Amino acid sequence: MRRRNSLKRDWRCQLFIMTKNDIEILFKKHYMRMYRLAASILYDEDESKDVVSEVFSRLIASDTSLRPDTAETYLLIGVRNQCRNVIERKKTRERFMRLLSDNATEPTMNHSEQLRMTELMQYVEKHLPPITLQIFRLRYLREMTCQEVADTMGVSRQTVHNHLRESIEHIRLHLKTIQ
């Protein structure tokens, strides 16, 4: 019994290189708690699953070493931060969609607003990579859902989200430079 406790204490103090097997164990152990946290923040099952998957995919992609006694805290903080990112992207997307819908439904838009929208669309078409542009058009101009875009393009829903995030970041940077 004493040996087990001493090994446990020693193991807690050490960092270790995580293998995919270690990450799989963390996934099985902490998935439900991470998912519940994301769901309580986002109120969306699919987005919550995507958030948890994104946290683990970033963990796999990085060479992060975790101490076993802090792994759960690290993962939950990752979920919280990823949820914040999702919420911020939603807000940005909603503002952009309002701008687009106001443009489409308001025939009395003044000349400066029309010029700004035209300039923004020209920027998007000129500066976004081809695949990102196609996903952007399908999602925002044809008003397809992310799953419909994914099915049309033959890519995963997460890929669609990643490209949409990239397009919104491009637009956000452009808007900051012209203001």
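Derivation of every value follows stated rules applied to the coordinates shown; laboratory data play no part. Model, not experiment: these values are computed from the prediction. No Cβ is skipped: glycine too gets one built from the backbone with ideal geometry, and neighbour counts run over all protein chains shown.
Computed from the C-beta positions of ASP63 and GLN122, the FRET efficiency with R₀ = 45 Å rounds to 0.65. Rounded, prolate or oblate: which fits region 109-179, taking a ≥ b ≥ c as square roots of the Cα gyration tensor eigenvalues, rounded meaning a/c under 1.5, else prolate when a/b beats b/c? Prolate, since a/c reaches 1.5 and a/b exceeds b/c.
Between ARG36 and SER112, the distance separating the two model label sites (each 7 Å from Cα on the Cα→Cβ line) works out to 5.3 nm. With a Förster radius of 22 Å applied to the beta-carbon distance between ARG165 and LEU76, the computed FRET efficiency rounds to 0.50.
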